[in-house]
Amino acid sequence: MKKITRRQRHRDIRHGILIRRGHHLRKHCGGVSSRQEERPISSINSWIDNYKKKHLNATIAKRKRITLHLPEEMNFCDNYEVTVLHILAIRKLSNSRKSGNKSYRLVSVNFDNLRTISTSAALVLTAELSKWDDAIRQQLKPMIDNWDAEILKQFIDLGFFELFRNSSLVYDKSEGSSPINLVKYIKGQCGDNSKPRVLKEKIIEIIGEKVCKWNFLHGGLTEAITNVSHHAYPNSHEFSKEDKNWYLTGSYNDATKELKIVFYDQGIGIPKSLPASDIWEKVLSVLSGISSVERKRDEVLLKAAVELERTSTKQSDRGKGLQDLLEFIRQRKDGYLSILSLKGLFKYSISNGKEEIKTEHFDQPVCGTLIIWSATLHE
Amino acid sequence: MKRISVGKDFSPDPAGRYRTDGEGSGEAFREDCLRPILDTGEKIEIVIDDGVEGYGSSFLVEGFAGLVKYGYITNEELLSRIEILYTDDDFEFYKIKIIEYIKQAKYSSQKYIGSSE
């Protein structure tokens, strides 16, 4: 035993306070790389200032209190950058919430301008706000007075308001006349293998009949859940148990007959979970100084992960799971599968028997991995 | 000849590779259902569509091909001792996958260490 110095004692107390405030978790809580999350306060503030000049709609009040105003249109198809930018801002600001008075503080996310939102964007936004609400001990309170009626209906259907413990509002489910019927989101953790069955029941309730080839979608969903268990939240990133969630929902559009199923996790992303030692990755690493190659890294790795059955384990009998995701669309011979992970997009579509694969890279990342199945129900 | 219904005798939601992936994993199916019967020398009929919604490849690879990978039985012998049954035509896809994974497995290529150990 040794008596510690006064200086050491103060250091220990400061450390204890930081731990209790959750600073040990903040460095690694999901999606965006830890390098990005460990940015100093000034970087987070400058990131906000920088994007505020572009497409980020934020107002800053006294004591660096920020309100984010969601854009009119949120989706990952036609309005990707603006949609992701606002969701990313929520993540970054909620991560920096205990950085002291010098850092911007997120106090509100305003939905008043929002007029249309895709099922996938609604799910990701819900997941992000749920994460923020968990981080501040469920103190968020919805203020819906100026919300668009259709948006309100969508979020009621999605179960958005059930997130908030601090909510005493009464919602009229009959409001709005949107043709889009949403399934209340399902939140699961690693090993929740029975939950895709719940989704099937809810979809049948909406559509009124079984969906042809559903068993292949079910297989894809269970594989997505297994992938979350194995790859999305690795121990090396020190995710807390509460962070290791996945989210699932579905929607059916009465007018277009489009069925959409959306699965989302807030993990490290598929490109980051792949091995860096394969030859191709070595080439990429060598060429990483060339900006165009580096910029496309997530896009290329994502495509390779799906097409080459690669896996972070390098075992020959593994890495088939991403192929399982394609099977529902392949079997139906109509529709598309989109996988968005970090800055990459992989999209597989079939129309009139013709297959097409599209990849794309973006400037801003999705925080984790988003999988979207879309099929039109003709039967 | 023994008969196993995956949905009724094992789990209505078979999914995942290891026991650590939750209930109904391929590892649990292999070790708790298939291996004890195979050890007796009997043949097995396996009903794959009885109350089951579908399968992911992680379950199928670990549950079936794992028997070969861990050296319990050779590829040929396993294929001769199991019969995959279904009534839903969509499940033919999984029968084909099971046979494919068994054929691709490398006999005794890995030592089995339980995921929960």
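Nothing in this text is a laboratory measurement; each read-out follows from the coordinates by a stated rule. Keep in mind it's a predicted model, so treat the numbers as computed, not measured. Virtual Cβ from ideal backbone geometry, glycine too; neighbours counted across all protein chains shown.
Things to note:
- Here the peptides B:16-24, A:177-185 are ranked by packing, the mean other Cβ count within 10 Å, and the order with the highest first is B:16-24, A:177-185.
- Inter-chain shielding of B:14-27 (mean C-beta neighbours from other protein chains, 10 Å cut-off): 5
- For B:Ile4, nonlocal amide neighbours, meaning residues 5 or more places apart or on other chains whose placed amide H falls under 5 Å from its own, are B:Glu45, B:Ile46, B:Val47.
- Exceeding the 18 Å Cα-Cα cut-off - candidates B:Lys69/B:Lys97; A:Lys187/A:Lys257; A:Lys303/A:Lys347; A:Lys213/B:Lys97; A:Lys296/A:Lys358: A:Lys187/A:Lys257
- When peptides A:117-130, A:46-59, A:194-207, A:243-256 are sorted by average Cβ neighbour count within 10 Å, with the highest value leading, the order is A:117-130, A:243-256, A:194-207, A:46-59.
- Kirkwood hydrodynamic radius of chain B, from inverse mean 1/r over distinct Cα pairs, in Å: 13.9 Å
- Summarising the amide proton neighbourhood of A:Asn110: residues at separation of 5 or more, or on other chains, whose placed amide H is nearer than 5 Å comprise A:Leu68, A:His69, A:Leu70.
- Across the stretch A:122-134, coupling constants 3J(HN,Hα) worked out from phi with the 6.51/-1.76/1.60 Karplus curve, θ = phi - 60°, read 5, 5, 5, 4, 4, 4, 5, 5, 5, 5, 5, 4, 4 Hz, and Gly and Pro carry x.
- Look at the stretch B:84-90: the mean tally of other chain Cβ atoms within 10 Å of its residues' Cβ atoms is 1.
- Average beta-carbon neighbours from other chains, 10 Å sphere, peptide A:191-198: 5
- Rg/Rg_globular for the stretch B:61-117, with Rg_globular taken as 2.2 N^0.38 Å and Rg from C-alpha atoms: 1.21
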